[in-house]
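A.B. asks: A single structure is presented below for examination.
The values are calculated or read from the model by the stated rules, or taken from the named source; none is laboratory data. Given the structure is predicted, the values throughout are model-derived calculations rather than measurements. Here the Cβ positions follow ideal geometry from the backbone for every residue, glycine too, while neighbour counts run over all protein chains shown. Note: areas computed on protein heavy atoms with side chains; ligands, DNA, RNA excluded. Shrake-Rupley method; radii C 1.70, N 1.55, O 1.52, S 1.80 Å.
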Amino acid sequence: TLAASTEARALNFSIVAAGSQATLKVGSSQWNPKLGLGGGLLFEAGNIEVGAIYLQRKFTIGSFTLAATYLDIPVLYRLSLGSVVSLGAGLYYSNGMGQVKTEGGSSSQESFADAGLQKQDFGAVAALGFYIPAGVLTRILVEGRYKFGLYNVSTDSSLQAKYDTLVFLLGVRF
């Protein structure tokens with residue numbers, strides 16, 4: 001029988017590669033996801049995890065593609081189910097970095113504001129992770145996360161635009 005463990009653990013540190021499938025819902029329409037890549041660091045003390053993940057969000061609608069890079073700061077509360085499975089729930093904050101890249105007809109780069117997007121985003125996050133033993137103090141981390149955007153990222157106040165993002169992490173946990 002698996003039981004939830006809330007006992008404090010030592011500090012854990014993970015280096016991760018990340019992939020995302022982000023959907024941008026604008027009003028009643030939806031921009032379709034494309035694979036975005038990134039990576040980052042995760043720190044876990046007790047049952048609290050804080051991370052910094054450099055992550056690209058990429059979408060298409062028709063022949064038009066938009067790509068934006070964000071620094072995601074997730075804060076999760078973790079529950080371990082045995083020594084291999086971990087559940088997490090919490091909040092995230094994202095800050096846009098650099099320029100928004102557009103393709104379709106012609107390629108260009110523009111500011112977030114010129115692309116009609118706010119640089120900031122925040123929302124709720126849920127995670128399911130697996131820690132596969134790979135040595136005495138090392139584990140392979142395989143994790144899926146769902147990020148539900150709560151903030152209107154459109155600069156046009158008459159439109160509601162929010163992100164729904166699946167994030168996949170693969171890394172090494174120490």
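A.B. asks: Given the criteria among the polar types (S, T, N, Q) and surrounded by 14 or more Cβ atoms within 10 Å (Cβ to Cβ), does Thr65 qualify?
C.D. replies: yes
A.B. asks: Taking segment 113-162 as the region of interest, how many residues are touching a residue at least 24 places away in the same chain (Cβ under 8 Å), assigned to a loop (DSSP other than H, G, I, E, B) and open to solvent by 50 Å² or more (accessible area, probe 1.4 Å)?
C.D. replies: Result for segment 113-162: 11.
A.B. asks: Looking at (1) at pLDDT below 95; (2) farther than 19 Å from Gln21 by Cβ, can you tell me which one Gly90 breaks?
C.D. replies: Failing condition for Gly90: (1).
A.B. asks: So Asn95 fits all but one of (1) more than 30 Å from Ile48 (Cα to Cα); (2) in contact with a Leu (Cβ under 7 Å, 6 or more places away or on another chain); what number is the exception?
C.D. replies: (1)
A.B. asks: Can you tell me which residues in segment 163-174 are open to solvent by 60 Å² or more (accessible area, probe 1.4 Å) and farther than 21 Å from Leu91 by Cα?
C.D. replies: Phe174
A.B. asks: Is at least one residue of segment 98-111 among the acidic types (Asp, Glu), assigned to a strand (DSSP E or B) and free of Cβ contacts under 8 Å to residues at least 24 places away in the same chain?
C.D. replies: Scanning segment 98-111 turns up at least one residue that is among the acidic types (Asp, Glu), assigned to a strand (DSSP E or B) and free of Cβ contacts under 8 Å to residues at least 24 places away in the same chain.
A.B. asks: I'd like the full set of residues that are open to solvent by less than 30 Å² (accessible area, probe 1.4 Å), closer than 20 Å to Gly123 by Cα and at pLDDT 95 or above, limited to segment 1-37.
C.D. replies: The answer is Ala18, Gly19, Ser20, Gly36.
Table: residues versus (1) among the hydrophobic types (A, V, I, L, M, F, W, C); (2) under 19 Å from Gln56 (Cβ atoms).
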site	(1), (2)
Asp72	no, yes
Leu87	yes, no
Ser111	no, yes
Gly149	no, yes
Ala161	yes, yes
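A.B. asks: Sticking with this one: Inspect all residues belonging to segment 71-90 and state whether any of them is open to solvent by 60 Å² or more (accessible area, probe 1.4 Å) and touching an Asp or Glu at 6+ places or on another chain (Cβ under 9 Å).
C.D. replies: Yes, segment 71-90 contains at least one residue that is open to solvent by 60 Å² or more (accessible area, probe 1.4 Å) and touching an Asp or Glu at 6+ places or on another chain (Cβ under 9 Å).
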